[in-house]
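Step one of this worksheet: look at the structure below.
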Amino acid sequence: MGRFVFKGKTFWGLVVSLACLWLLWISLRAMDWEKVLLALEQADYLYLLPALLLYLGGYISRAERVSQILKPTKRVSYRRVLSPLIVGFMFNNILPGRLGEFVFAHQLGKQEGISRTTSFAAVVISRILDGFTILCFFVFGLLAFLPLSGGTAAPGGTLEVAGHLFSKQEILGKVYLAGILGMLVFGAVFLACFCLIVWKDISIRVVDRMLVVFPDRFSRGGKQALEKFISGLLILKNAKELLGVFLFNFVPWGMEALTYLFTAWTFGLDLNIRQVCLVMGVTNLAMIFPSAPGGLGLFEFVGMATTGLFGIPTAKALTFMVMVHAIILVPIDLWGFYYLRREGLSFRQALSEKG
């Protein structure tokens, strides 16, 4: 596909973005901005240095994870994965619809001489593993509400969200629901991929019959694309290697959890590791749903509601979530822009090539 812009996707991306920004606006319209400024003035910004280093270091381990996933297909050093990975995440941050995943798959495939469909399969496996890892941190975070595990009792009282008062019990119920939905989504995608690799021949025959109504070049192309996609799922056939990659995936997400923790300490928030794991889990599970580029609006809204469960004042919750989001977005965007310039690519070229 020669052009990047799809009018339908652009329109709905704009609609979703405006909805998320509206959600953020109604959450902030009653904000006490004097308290926000006071929180910024009293912050200890030295804690942001380890937070930033930990977050950036997490991307090196993410590159190593992709390298491990691709190993049954081709050995690729994490150093060679890093550039397309960062560029892909940069486009995820600035465009709706997670289009950066396709940019990453295309740039990696082009660079390493492997099928773009195969490299996209590695992206899919990465996101599935991310989903299950996030759910583990999410469950660990829920221990904050279990007194038997050293946590506190389930929260009581009310919390204002988007201009409306909700009981904290009701919000906690929605947090549980987010975890269940996340488990269903990632479980379904994993099961589908597992079925493709186990029943490869049957899957190809089924798709071949479904495509018989299309012209021969389309049906043949669809069959070839499926075969290449399945070849990128080969790690699913090796339970030992798959388990190893899954366990290794706790490295980048553990570093991100520490990023949340150090940022909380920046603003003097009384949050422990379990509580920040819950905040991280809920905000990342929220990204399953359509949102503005980089999750702008939805990230802050969900994060403020979750930190509110722990009695964090709204003004401090806002500064905490905005700072975490800035650490997540800004350095990766600058890093990705550097790699684009190094490769001599413009934004338009990177996006048009992905098709």
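The values are calculated or read from the model by the stated rules, or taken from the named source; none is laboratory data. In this text, all values refer to a predicted model and were calculated from it rather than measured experimentally. Cβ sites come from the backbone with ideal geometry, for glycine too, and all protein chains shown count toward neighbours.
Modelled with pLDDT of 75 or more, among the small types (Gly, Ala, Ser), in a helix (DSSP H, G or I) and closer than 30 Å to SER115 by Cα: is that true of ALA188 in this structure? Show your work before the answer.
Details: modelled with pLDDT of 75 or more: yes; among the small types (Gly, Ala, Ser): yes; in a helix (DSSP H, G or I): yes; closer than 30 Å to SER115 by Cα: yes.
Yes, satisfied.
Can you tell me how many residues within the stretch 131-143 are within 18 Å of ARG98 (Cα to Cα) and in contact with a Lys or Arg (Cβ under 9 Å, 6 or more places away or on another chain)?
0
Applying the selection to the stretch 58-105, what residues are among the basic types (Lys, Arg), at pLDDT 90 or above and within 13 Å of the chain's Cα centre (by Cα)?
Result: ARG62, single match.
Results for (1) surrounded by fewer than 19 Cβ atoms within 10 Å (Cβ to Cβ); (2) over 21 Å from PHE91 (Cβ atoms); (3) in contact with a Pro (Cβ under 6 Å, 6 or more places away or on another chain); (4) touching a residue at least 40 places away in the same chain (Cβ under 8 Å), shown as yes or no for each residue.
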residue: ILE230; (1), (2), (3), (4): no, yes, no, yes
residue: GLU241; (1), (2), (3), (4): yes, yes, no, yes
residue: GLY244; (1), (2), (3), (4): yes, yes, no, yes
residue: THR259; (1), (2), (3), (4): no, yes, no, yes
residue: PHE267; (1), (2), (3), (4): no, yes, no, yes
residue: ARG274; (1), (2), (3), (4): no, yes, no, yes
residue: MET287; (1), (2), (3), (4): yes, no, no, no
residue: ALA292; (1), (2), (3), (4): no, no, no, yes
residue: LEU309; (1), (2), (3), (4): no, yes, yes, yes
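Do the conditions hold for LEU329, that is, is it surrounded by 23 or more Cβ atoms within 10 Å (Cβ to Cβ) and either of a type outside the set (D, E, K, R) or touching a strand residue (DSSP E or B) at 6+ places or on another chain (Cβ under 7 Å) (or both)? Lay out the reasoning, then the answer.
Numbers: surrounded by 23 or more Cβ atoms within 10 Å (Cβ to Cβ): no; either of a type outside the set (D, E, K, R) or touching a strand residue (DSSP E or B) at 6+ places or on another chain (Cβ under 7 Å) (or both): yes.
No, not satisfied.
Test each condition in (1) in contact with a Pro (Cβ under 9 Å, 6 or more places away or on another chain); (2) of a type in the set (Gly, Ala, Ser); (3) surrounded by fewer than 21 Cβ atoms within 10 Å (Cβ to Cβ) for SER77 and report the one that comes out false.
Condition not satisfied by SER77: (1).
Does VAL251 fit the bill of being within 30 Å of PRO50 (Cα to Cα), in contact (Cβ under 8 Å) with a residue 40 or more places away in the chain and crowded, with 19+ Cβ neighbours inside 10 Å? Spell out the reasoning first.
Working: within 30 Å of PRO50 (Cα to Cα): yes; in contact (Cβ under 8 Å) with a residue 40 or more places away in the chain: yes; crowded, with 19+ Cβ neighbours inside 10 Å: no.
When the stated conditions are applied, VAL251 does not pass them.
Looking at (1) in contact with an Asp or Glu (Cβ under 8 Å, 6 or more places away or on another chain); (2) hydrophobic (A, V, I, L, M, F, W, C); (3) over 24 Å from ILE60 (Cβ atoms), can you tell me which one MET304 breaks?
Looking at each condition in turn, MET304 falls short on (1).
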